[in-house]
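Notes follow once the structure below has been shown.
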Amino acid sequence: MRANSAKALVLPLAVLVAFEVWARATHLQSDSLAPPSEIVMALFGAFADLSILTATRDTLFSAFAGLAIGTTIGLAFGIAFGISDTLDRLMEVTVEAIRPIPSIALLPIALIALGFGYRMEIVIVAFACVWPVLILSRAAVRSIEPRLMEVARALRLPSAQRVWKIIIPAALPRIFVAFRLSAGIALIVAVTVEIAINPLGLGAGIMLAQQALRPDLMLAYLVWIGVIGYALNVLLVVAQNRLFGRAALSGDGA
Amino acid sequence: MNRAALLWRVASFAVAAGFVALWQLIASLKLVSPVFLPGPDRAWAALVRGFSSGDLWSKLAGTLEHMAYGWLAASIAGIAIGAIIGSSRRMRTYVAPSLEFLRPLPVSAIIPVAIAMLGLTQAMALFVIAFGAIWPIMLATIHGFAAVEPRLYEVARSLQMSRLAVIFKIALPSASPDILAGMRLSLTVALILSVVCEILAGLDGLGHWVLLSARAFRSADLFAGVILLGLTGYVTSVAMSLAEHRLLAWQAARR
């Protein structure tokens, strides 16, 4: 295990060292590349003047707010469609007509309706997060052990309690898998919206660094965005394993 | 399709039509300002007008072109690189972890770097689209190669097949469901990145069209563009499912 993780580090380290040496040897002057040492310095600089932390806060706030809204909507519809086959079949065409719209295509609509800022970004993130949650939670509710539903019926649980006490706990591991997927999407969409148009957060920061011809700062932002994406993913995978263990794996194939 | 399923379909279309009628009602009563929300009638008129004047055709063609070139380049490169990495245990231990580390990176973050290198050009868009679309394909190929039934490799060894023959006769066919699933995922990524690049670089395409319409507050044209983008997403994913079904027919038959 340890030998393998050491081997995994060989390639990135070799690339970094080779790049540093090459950049030093050729006295690299470029608008798009910078040696790793300067990237690290730029990253420290951005931390020191707090600019990257503010940007991170803005991006994560938009991403999580959108994630929360999108997950809630997706979950509500997913559970409703999972419980009622009739509703699911009736809504099929509507859902299939809206779902393929690429989230980023809503950007201009959100822009004229809400203007620049958090709100339009949150709306777009929420739209993108609805679908994975809706589809996976629908599948999760459908695959609930039928006997649990029979128990609910035998106990004459009212439907609110049936959802709360039987359906959500039974489907929770797979719903969490959907949440994990959506969280990744939320970050991606938030950064994309910022890069495309919205003047806040990490995406705007990296665009600004590019326009200011600061390749070191631009690549520092890129590295930092990568670190955040990776950390978010690791955090959610760990949480999933802690909370649900193997129970969640059944949903991964869906 | 049997009768009941057909009836459900019809009912489902009726519900969708109901929502469109509701949308029309909201727009006609001006519950939402028509600056933001055109009715379906105006969106439809804008679609017809755009197509009859040829504007929308060329924008649609532009987006499809970006998407297709980027996606095809990503597919070829992704399968090739994935095959090289996936078919060697050594490459898998050395390279695959770095790829896993890069995977959660929001690919759009590469756009500024691409702009700095290539400028606001078509080449930049193709690079970004291909770079974004390559990940699902490459990782699916590596995974598919790693998951090949080990006995098949043993057979290959006892038949003394060359490495190329092993890749083409054993690994690729048995990894094809994974690879096709990856290609389907990338299709969505390619569409999204096409739109983003068109918005940023002002390249001819639907992304640019919707942005310009929004800037000029021509909401009917804007909705026409968004509807077309949705249709593009839908049609390409249906086409991909059909192709998947066709290409994997031998597998379904075997099961």
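The values are calculated or read from the model by the stated rules, or taken from the named source; none is laboratory data. Since the model is a prediction, treat every value here as computed from it, not as a measurement. Quick reminder, even Gly has a Cβ in these numbers, built from the backbone with ideal geometry, and neighbours come from all protein chains shown. Ligands, DNA and RNA are excluded from the accessible area calculation, which covers all protein heavy atoms including side chains. Shrake-Rupley method; radii C 1.70, N 1.55, O 1.52, S 1.80 Å.
Out of B:V189, B:V195, report the one residue that is at the interface with chain A (Cβ under 8 Å from one of its Cβ atoms) and either under 16 Å from the mean Cα position of the chain (by Cα) or in a loop (DSSP other than H, G, I, E, B) (or both).
On the way: B:V189 fails: at the interface with chain A (Cβ under 8 Å from one of its Cβ atoms).
Every option except B:V195 fails the conditions.
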Quick one: would you say B:H208 is loosely packed, with under 15 Cβ neighbours inside 10 Å and not hydroxyl-bearing (S, T, Y)?
no
Only helices (runs of 4 or more DSSP H) wholly contained in the range B:1-111 count here; list those with 2 or more residues that are away from every other protein chain (no Cβ under 11 Å) and open to solvent by 90 Å² or more (accessible area, probe 1.4 Å).
B:3-28, B:40-53, B:55-86
Would you please list the contacts, defined by Cβ atoms under 7 Å and residues six or more apart or on different chains, that run from a residue in the range A:24-41 that is part of a helix (DSSP H, G or I) to a residue that is of a type in the set (A, V, I, L, M, F, W, C)?
A:P36/A:L16; A:P36/A:F19; A:I39/A:L219; A:I39/A:A220; A:I39/A:V223
Scan the range B:213-226 residue by residue and report those that are more than 17 Å from B:P40 (Cβ to Cβ), among the aliphatic types (A, V, I, L, M) and at the interface with another protein chain (Cβ under 9 Å from one of its Cβ atoms).
B:A214
Exactly one of A:I112, A:I104, A:I166 is more than 13 Å from chain B (Cβ to nearest Cβ) and of a type outside the set (S, T, Y), and that one is A:I166
Report the residue count in the range B:193-229 for those that are of a type in the set (K, R) and farther than 22 Å from A:M207 by Cβ.
1
Considering the range A:12-64 alone, what residues qualify as being within 14 Å of chain B (Cβ to nearest Cβ) and open to solvent by 70 Å² or more (accessible area, probe 1.4 Å)?
A:L13, A:V15, A:L16, A:Q29, A:D31
Might you check whether a residue that is touching a residue at least 60 places away in the same chain (Cβ under 8 Å), within 12 Å of chain A (Cβ to nearest Cβ) and more than 24 Å from B:V95 (Cβ to Cβ) occurs anywhere in the range B:132-139?
no
Within the range A:88-116, which residues are surrounded by fewer than 18 Cβ atoms within 10 Å (Cβ to Cβ), more than 20 Å from B:S219 (Cα to Cα) and either under 21 Å from the mean Cα position of the chain (by Cα) or among the acidic types (D, E) (or both)?
A:E96, A:R99
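In this structure, is A:S182 among the polar types (S, T, N, Q) and at pLDDT below 85? Before the answer, list the steps.
Working: among the polar types (S, T, N, Q): yes; at pLDDT below 85: no.
Against the criterion (among the polar types (S, T, N, Q) and at pLDDT below 85), A:S182 does not qualify.
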I'd like to check something: does the range A:174-182 contain any residue that is surrounded by fewer than 17 Cβ atoms within 10 Å (Cβ to Cβ) and assigned by TED's automatic domain parsing to the domain that holds A:F116?
no
Being part of a helix (DSSP H, G or I), more than 9 Å from chain B (Cβ to nearest Cβ) and of a type in the set (S, T, N, Q) is the filter here, so list the residues in the range A:177-227 that pass it.
A:S182
